[in-house]
């Protein structure tokens, strides 16, 4: 059996507004959380500052300046043959404060021009409504998603963009990697709760009970908001499809000890299925009540919430996939482990210590599909690397090898019978890193002449992977040489 990628498969690439747009304070845009997030590196975590400090550098303020280069960028994507471009809207560009009564027309106009350019180039936008960000005012004034008022503000935002871009955008994603809400917050505020910067771990031993409750209440409120806007989208345009977006966590037992196998099951449940069950099945998993009791979590859940969750299931599942980790009983972050789990001694790793495991992608695709039997889309997959521009060229051999091996794994999953309808690599073009704010951690198929402090021409240069991916798309995944 050698089944090909399906006709109409959505090949493309992905970005996020706060990592690529720049133009952070023009044309009526309000401040967002990540506009207050400084740069950093592996040794020095990013900081979130209450004010914009004069001597600090904030990567989102410039990104890769796509706000002023979007026509050029989309034309380059079209040259590669993109069928879809997965991007995000910056909420604070539409509603500067989040609680405004009326939207910012200049922000609406910008995204209309961008989506129309995509259509002109034969590219279908896949749009994330919020990608690890929100208007700064909503975090400071309301305390972020732990406040139920944000459901109302998000629904208003959703109604505006669904209506404004009806006919231009068919595939929407609500919250980027929403399942990060089951863990303590690191460098960015996934739910608008201003965090302490640092590592992300599943149970923060220093978190107070109040902080844990706020985190899980915030996540619940996001679930309800997502369910409401799924129903709203279908009312506004029956052609719209709305998906969830998960961080694809994949775990193997570190050993064959029963305790490690049990820990692996628990990791998959908390990191994946707690969120996916709610968004795909319309209810919390059966084991959630015991988990809440053991963690001392008390949630405000209304009867209306339960009805919305049931009636607002997503149409498809999208997820990111970069790595796999191992689970072990009583795991804590220490030498020999990562912030997500234990290192797998059988796997190679990137320069940033992320394991490379293409076979894990096939496994995870099967795992998700066997549980939910919903269409799947991989919307982030790629490798960050140090790269140099030499004689006007970038020879990113490691990226080509990484993508080739993962595309092979996707094809194997399709042969297994998994319904996979799209793949957007991370990232379409060099952007600033979400985790560290660095530009030198390059993920793109297109090189951008910029450094960690925003210096450079911002010229776009095609990498070797650009030409390779073009052949992949032209042959619908058959030519991977």
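The values are calculated or read from the model by the stated rules, or taken from the named source; none is laboratory data. Keep in mind it's a predicted model, so treat the numbers as computed, not measured. Here the Cβ is made from the backbone with ideal geometry for all residues, glycine too, and neighbour counts use every protein chain on show.
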Qualifying residue in region 430-450 (condition: surrounded by fewer than 16 Cβ atoms within 10 Å (Cβ to Cβ) and either in contact (Cβ under 8 Å) with a residue 12 or more places away in the chain or over 20 Å from residue 16 (Cα atoms) (or both)): yes
Of the criteria (1) surrounded by fewer than 24 Cβ atoms within 10 Å (Cβ to Cβ); (2) at pLDDT 90 or above; (3) closer than 28 Å to residue 264 by Cα, which one residue 201 fails: (2)
Verdict on residue 216 being under 23 Å from residue 267 (Cα atoms), modelled with pLDDT under 95, part of a loop (DSSP other than H, G, I, E, B) and in contact with a helix residue (DSSP H, G or I) (Cβ under 9 Å, 6 or more places away or on another chain): no
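Among the residues in region 89-96, are any under 30 Å from residue 468 (Cα atoms) and at pLDDT 95 or above?
Yes, region 89-96 contains a residue that is under 30 Å from residue 468 (Cα atoms) and at pLDDT 95 or above.
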Checklist (1) at pLDDT below 95; (2) in contact with a strand residue (DSSP E or B) (Cβ under 6 Å, 6 or more places away or on another chain) applied to residue 17, failing item: (1)
Checking residue 364 against (1) surrounded by 16 or more Cβ atoms within 10 Å (Cβ to Cβ); (2) in contact with a strand residue (DSSP E or B) (Cβ under 6 Å, 6 or more places away or on another chain), the condition it does not meet: (2)
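Can you tell me how many residues in region 451-467 are in contact (Cβ under 8 Å) with a residue 12 or more places away in the chain, farther than 23 Å from residue 34 by Cα and not in a strand (DSSP E or B)? Steps first, answer last, please.
Pass one, region 451-467, residues in contact (Cβ under 8 Å) with a residue 12 or more places away in the chain: 451-454, 458, 460-466.
Add one more test, that the residue is farther than 23 Å from residue 34 by Cα, and what stays is 460-466.
Next, only the ones that are not in a strand (DSSP E or B) stay: 463-466.
Residues flagged as in contact (Cβ under 8 Å) with a residue 12 or more places away in the chain, farther than 23 Å from residue 34 by Cα and not in a strand (DSSP E or B) within region 451-467 amount to 4.
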Candidates 118, 64, filtered to the one that is at pLDDT 95 or above, part of a loop (DSSP other than H, G, I, E, B) and within 25 Å of residue 381 (Cα to Cα): 64
Residue in region 20-38 that is in contact with a helix residue (DSSP H, G or I) (Cβ under 6 Å, 6 or more places away or on another chain), in contact (Cβ under 8 Å) with a residue 60 or more places away in the chain and under 22 Å from residue 466 (Cβ atoms) present: yes
Single unsatisfied condition, residue 71 versus (1) closer than 30 Å to residue 410 by Cβ; (2) not in a loop (DSSP other than H, G, I, E, B): (1)
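Quick one: would you say residue 107 is touching a strand residue (DSSP E or B) at 6+ places or on another chain (Cβ under 9 Å), surrounded by 18 or more Cβ atoms within 10 Å (Cβ to Cβ), outside any strand (DSSP E or B) and touching a residue at least 24 places away in the same chain (Cβ under 8 Å)?
Numbers: touching a strand residue (DSSP E or B) at 6+ places or on another chain (Cβ under 9 Å): no; surrounded by 18 or more Cβ atoms within 10 Å (Cβ to Cβ): yes; outside any strand (DSSP E or B): yes; touching a residue at least 24 places away in the same chain (Cβ under 8 Å): yes.
Here the answer is no, as residue 107 does not meet what is asked.
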Qualifying helices (runs of 4 or more DSSP H) (wholly inside region 233-300; at least 3 residues being buried (at least 22 other Cβ atoms within 10 Å of the Cβ)): 274-281
Options 190, 174: the member that is outside any helix (DSSP H, G or I), in contact with a helix residue (DSSP H, G or I) (Cβ under 7 Å, 6 or more places away or on another chain), crowded, with 23+ Cβ neighbours inside 10 Å and modelled with pLDDT under 50: 190
The one condition in (1) more than 26 Å from residue 81 (Cβ to Cβ); (2) without any contact (Cβ under 8 Å) to a residue 60 or more places away in the chain; (3) touching a helix residue (DSSP H, G or I) at 6+ places or on another chain (Cβ under 8 Å) that residue 370 fails to fulfil: (3)
Region 352-399, subset in a helix (DSSP H, G or I) and over 21 Å from residue 421 (Cβ atoms), residue farthest from the chain's Cα centre (by Cα): 397
